[in-house]
1. Quick query: amide H of A:His95 versus all other amide H atoms, modeled in the peptide plane; which residues come in under 5 Å with a sequence gap of 5 or more or a different chain?
2. Can you give the mean number of other chain Cβ atoms that lie within 10 Å of the Cβ atoms in peptide B:191-198?
3. Taking the alpha-carbon centroid of each part, what is the distance from the range B:198-220 to the range B:65-129 in angstrom?
4. Express the relative contact order of chain B as a whole percentage, based on alpha carbon pairs under 8 Å and six or more residues apart in sequence.
5. From other protein chains only, count the Cβ atoms within 10 Å of every residue's Cβ in B:94-106, then give the mean.
6. Full extension from B:Glu125 to B:Met144: what is 0.36 nm times the residue separation minus their Cα-Cα distance, to one decimal in nm?
7. Given only helices, namely DSSP H runs of n ≥ 4 each adding -39500 (n - 2.57), what is the per-residue ellipticity at 222 nm of chain A, to the nearest 500 deg cm²/dmol?
8. Please give the residues of the range A:104-136, grouped as numeric ranges, whose backbone N is less than 16 Å from a label point set 7 Å along the Cα-to-Cβ vector of A:Ser50.
Amino acid sequence: MTKKPHHEHTHAHSLLPPDPALRAKAIETLLVEKGLVDPAAIDALVDVFSNEIGPQNGAQVVARSWCDPDYRARLLADATSAIAELGFSGMQGEHMVAVENAADTHNVVVCTLCSCYPWPVLGLPPVWYKSPEYRARVVREPRAVLDEFGVRLPEDVELRVWDSTAEIRYLVIPQRPAGSEAMSEAELAALVTRDSMIGTGFALSPEAG
Amino acid sequence: MDSVHDLGGVEGFGPIPIEADEPVFHAAWEGRVLGCRFLMGFWRLWNIDANRHSLEQLPPAEYLAMSYYEKWAAGVVNLSAEKGLITPEELQAGHPGTDAEPRTPPVDAAGVRAFLPQGRPAAREIDAAPGFAVGDKVRAARNMHAGHTRLPRYLRGRVGTIISHHGAHVFPDISYKMEGEVAQHLYTVNFSGREVWGDDAEPGHSISAELWESYLAPAR
């Protein structure tokens, strides 16, 4: 058996300017001039992730699950299909699983190996989600990490950490906040934060929202 | 591959760098790099597993020092050079070589907008029956190989319980080589904090991860 050397690569990236903005410009210029990338397609992606795909999508899913028990059942049974009912699907959300928080259970999501994140419902991940600090620590000391987010859980609450090691992507369904009984689905969606759908936060209380 | 990307449980890191009201992109160049890396994938010379492997091969000190989009920039450049789409000379000059054949990008703005809601599902139909069922106790492999894998170091050798079966998914440990695809049954395996971290584990937590069949052996 022949064993591949670990570093057969020349690390071409070391040939580029060290400044990140200049480096990005150099890459784009070369790729566009070679006809490898269409700059209008880059514009489209930036627009989609800046304006169309984000946690406002997941918030709609959660609000619906709070209002409609049948929808919640479908979401827990087959999250990919239930999320697609609201028009959200695709890249980095091809295989969705929804996990629900309750009085005795709290869920939190991580990708220890890279930065896997459910794009169709949450958009692109925040810097902290991709940070070595979060990826290293949340599997080992989840309560200490959640404490830094202001999420303090009683000792008897079971904490479930989900490490996204394959193409399964998780959406946490936070608990519906007290005092929100009379609110409409659209009003409820405004209470659902990005962090509450990762498990590093709670849904806002109606007074705060 | 045992490198620095496999961060689960590594000690010594400080507070989580939480930023209030964080923008999607902190600078315009980050979006351009996202676009370049995403769109270069449409040449189909690498897949998501090869893409991940390209970041795992960054030297550990560089990996930790680089921001997320700096890693993406390095990854797309290294893969593009490795596959011959660009040359070191072109990178240094900043422009195509004089002998470079003009090409047409494989996807335009409308094409990428249409692609996003489709994505690239990883589930596959296979003939083999699943080797495990929900409720089975399994031990994660101790030994790994030097290539790309998605079995995190902190779970190796640990015993957990299968809590769901996802059918068969593309197996990353082979897929990243771009020499053909195989699929294996994929399971979510739940490990108690105590099993993974020992007596010092925080109370009352468990960790679940998706693990492919060949990562697992029956356990009692």
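1. Amide H neighbours of A:His95: A:Arg169.
2. Taking all residues of B:191-198 together, the mean is 2.
3. Here the answer is 35 Å between Cα centres.
4. Computed over chain B, the figure is 20 percent.
5. Across B:94-106, the average partner-chain Cβ count within 10 Å equals 4.
6. Result for the pair: 4.2 nm of gain on full extension.
7. One gets -10500 deg cm²/dmol as the mean residue ellipticity at 222 nm.
8. Of the residues in the range A:104-136, A:124 have backbone N under 16 Å from the label point off A:Ser50.
FYI, it's all coordinate maths here, none of it is from the lab. Predicted model only: the values in this text are computed from it and were never measured. Please note: Cβ atoms are built from the backbone with ideal geometry, for glycine as well, and neighbour counts cover all protein chains shown.
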